[in-house]
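Here's the structure, in structure tokens; my notes come after.
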Amino acid sequence: MTENDSQPSTQRTGLSARVLGGGIEPDPRFTLANERTFLAWIRTALAFLAGGVALEAFAGDVFPAPVRTGLAIALLLVGMVIAAGATVRWIRIERAMRHSLPLPLPWLAPILAAGAAVATGVMVGVLLFR
Amino acid sequence: MNPRRHGRAADPGLQPERTTLAWNRTLVSFVVVAAFFLRWGPEHGAVVVVLFGAALAVALGIWLTQRPRYAQRTETIARNLHRASVGAPLLLGAAVVLLGTAALVVVIAL
């Protein structure tokens, strides 16, 4: 094993170096766990996108058209925020691990909870009081 | 995959396999979203083919990179040379945001 094998982080250039911001390459287990967590958030974002698409496609007669489209837009927006936030969070976790810093708090979790709660509340409210 | 080369206990946690499966689940999610977009056809017209194709293209991109991704990771972990891959997460996050933007445009304007 050469010097480069134990310090692979010194060879990073270009985009990788700018995104990851130096530090030492962490244990592959943690890097890959971070990637899997990111993918789980992406699937959550896709579920919101699919929910918005499905609402617009299937709920034609259940809601008045403006409510239906409004809810669909809200769900699409939540999905996009989660996807963008997941990417930022993936970068922040990767940087924290490379510098042995504490991991950032998951501020996406309350957004997810609030988005799901509001969407459900509005749907139930519209169904009950329309 | 050559078991003599990759099957040793360099990684008893099967990290590349678990991560490749996570990418696989994400791939399936994109296919589901693509299929949902087709249901917009009657209301929003032929433009939904673009949304359908875009979501399917992301799924195809994941599918085509799965094998190299798995091979590269088993190899680098076994040789203690593993590095975080930066491009794939950034591309995927951007793809979802763009897909959502396109869907918003179709819902609002078309």
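Going residue by residue through region B:38-60, is there one that turns out to be surrounded by 18 or more Cβ atoms within 10 Å (Cβ to Cβ), at pLDDT below 95 and facing another protein chain (nearest Cβ under 8 Å)?
Yes, there is a match, as at least one residue in region B:38-60 is surrounded by 18 or more Cβ atoms within 10 Å (Cβ to Cβ), at pLDDT below 95 and facing another protein chain (nearest Cβ under 8 Å).
Looking at (1) more than 9 Å from chain A (Cβ to nearest Cβ); (2) more than 15 Å from the chain's Cα centre (by Cα); (3) not β-branched (V, I, T), which one does B:A84 not meet, given that it meets all the others?
(1)
Six or more apart or on different chains, Cβ atoms under 8 Å: show the pairs whose first residue is in region B:13-31 and closer than 15 Å to A:F38 by Cβ and at the interface with another protein chain (Cβ under 7 Å from one of its Cβ atoms) and whose second is of a type in the set (K, R) and open to solvent by 80 Å² or more (accessible area, probe 1.4 Å).
Short answer, once both residue conditions are applied: B:Q15/A:R29.
Out of region B:66-110, which residues are polar (S, T, N, Q) and either over 29 Å from A:G51 (Cβ atoms) or touching a residue at least 24 places away in the same chain (Cβ under 8 Å) (or both)?
B:Q66, B:Q72, B:T74, B:T76, B:N80, B:S85, listed by residue number.
Filter region A:55-74 down to residues that are over 16 Å from B:L104 (Cα atoms) and either charged (D, E, K, R) or open to solvent by less than 30 Å² (accessible area, probe 1.4 Å) (or both), then give me how many there are. First the steps, then the outcome.
Initial filter on region A:55-74 (over 16 Å from B:L104 (Cα atoms)): A:58-64.
From what is left, the residues that are either charged (D, E, K, R) or open to solvent by less than 30 Å² (accessible area, probe 1.4 Å) (or both) are A:59, A:61, A:63.
Number satisfying all stated conditions: 3.
Working only within region A:93-130, note down all residues that are part of a loop (DSSP other than H, G, I, E, B), of a type outside the set (A, V, I, L, M, F, W, C) and loosely packed, with under 14 Cβ neighbours inside 10 Å.
Of everything in region A:93-130, those that are part of a loop (DSSP other than H, G, I, E, B), of a type outside the set (A, V, I, L, M, F, W, C) and loosely packed, with under 14 Cβ neighbours inside 10 Å turn out to be A:H99, A:S100, A:P102, A:P104, A:R130.
Could you say whether any residue in region A:50-63 is in contact (Cβ under 8 Å) with a residue 60 or more places away in the chain, within 22 Å of B:L91 (Cα to Cα) and part of a helix (DSSP H, G or I)?
no
Sort out which residues of region B:61-86 are of a type in the set (S, T, Y) and open to solvent by 30 Å² or more (accessible area, probe 1.4 Å), and write them in order of number.
B:T65, B:Y70, B:S85
Need the failing condition index for A:A84 against (1) touching a helix residue (DSSP H, G or I) at 6+ places or on another chain (Cβ under 7 Å); (2) more than 10 Å from every other protein chain (Cβ to nearest Cβ), just the number.
Here A:A84 meets the rest and fails (2).
The values are calculated or read from the model by the stated rules, or taken from the named source; none is laboratory data. Given the structure is predicted, the values throughout are model-derived calculations rather than measurements. When we count neighbours, we look across all protein chains shown, and the Cβ atoms used for this are built from the backbone with ideal geometry, even at glycine. Surface areas here come from the heavy atoms of the whole protein model, side chains and all, with no ligands, DNA or RNA. Shrake-Rupley method; radii C 1.70, N 1.55, O 1.52, S 1.80 Å.
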